[in-house]
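Participant: What follows is a structure written as structure tokens; I'll ask about it next.
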Amino acid sequence: MNVRVDFTPMVDMMMLLITFFMLCTSLSKPKTMEINMPTNKDDIKEEQQNKVKASEAITLIFDKDNKIYYYNGIPEMGSLKETKYDEKGGLRDMLLQRNLAAIQKVKKLRQEFAKQQVAANALAEEKAKADLNRKIEEIRGEKGVPNVIIKGTDEGTYTNLIDCLDEMQICDIGKYVIVPIDDFDKDMIEYYKKNGSKSSDDAQ
């Protein structure tokens, strides 16, 4: 007699196992980054936009060879400065210094939230987390918090853009936009390359 094993029932068992794992496994949720794009509303006057730029705006311009420039407020020839992504005294230190008040408030809120988690149940934890996120967004939108405008040259890379967006999250910058670079910004970069940092110091 020929001895054989019938694997037909295994098909049903495998289907049951696959269905079980599909229903019980928690699928990873994609993490998204919120980006504020420029408004197209006509009711915002140009005078109001310039007022915001002069008091709170920081414009970042990333260029080829991992170079990044910035200027504060209204652009002026000679006001451009160069910084670095990951060095001490670079982009992160500058943003942290400009956003110091908001960062301290957010840090205090997160510490209070961590203390509440000791005796909180799941429902209370979810409610407290939603309340925390709401308060953080309010702090990030307060008056005096810097508005960062991110621009890139044609030679800039997608990696440079991601690095800038990462710094927005690390430095708790809640108000930032990505806009196309204009001709005056390009002229500022050329002026900076020809005249060096000395012209920027004289402009200050």
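Participant: From the list ILE150, ILE181, which residue is within 16 Å of LYS64 (Cα to Cα) and touching a Cys at 6+ places or on another chain (Cβ under 7 Å)?
Facilitator: The conditions single out ILE150.
Participant: Over 18 Å from ILE58 (Cα atoms), at pLDDT below 90 and not aromatic (Phe, Trp, Tyr): does that describe GLY196?
Facilitator: yes
Participant: Here's a follow-up. Are any residues in the range 59-104 buried (at least 17 other Cβ atoms within 10 Å of the Cβ) and either aliphatic (A, V, I, L, M) or in a helix (DSSP H, G or I) (or both), and if so, which ones?
Facilitator: Answer for the range 59-104, where residues must be buried (at least 17 other Cβ atoms within 10 Å of the Cβ) and either aliphatic (A, V, I, L, M) or in a helix (DSSP H, G or I) (or both): LEU60, ILE61, ILE68, LEU80, LEU91, ARG92, MET94, LEU95, ARG98, ALA102, ILE103.
Participant: Here's another thing I want to ask about it. Anything in the range 155-179 that is β-branched (Val, Ile, Thr), assigned to a loop (DSSP other than H, G, I, E, B) and either at pLDDT 90 or above or under 14 Å from GLY141 (Cα atoms) (or both)? List them, or say none.
Facilitator: The answer is ILE173, and nothing else.
Participant: Six or more apart or on different chains, Cβ atoms under 8 Å: show the pairs whose first residue is in the range 64-82 and touching a residue at least 40 places away in the same chain (Cβ under 8 Å) and whose second is of a type in the set (Lys, Arg).
Facilitator: ILE68/LYS84; TYR69/LYS81; TYR71/LYS81; GLU82/LYS67
Participant: How about the range 78-112: which of its residues are modelled with pLDDT under 85 and over 16 Å from ARG140 (Cβ atoms)?
Facilitator: GLY78, TYR85, ASP86, GLU87, LYS88, GLY89, GLN111, GLU112
The values are calculated or read from the model by the stated rules, or taken from the named source; none is laboratory data. The shown structure was predicted, so the numbers you read here are calculated from the model rather than taken from an experiment. Neighbour counts are summed over all protein chains in view; Cβ atoms, including those assigned to glycine, are modelled from backbone coordinates with ideal geometry.
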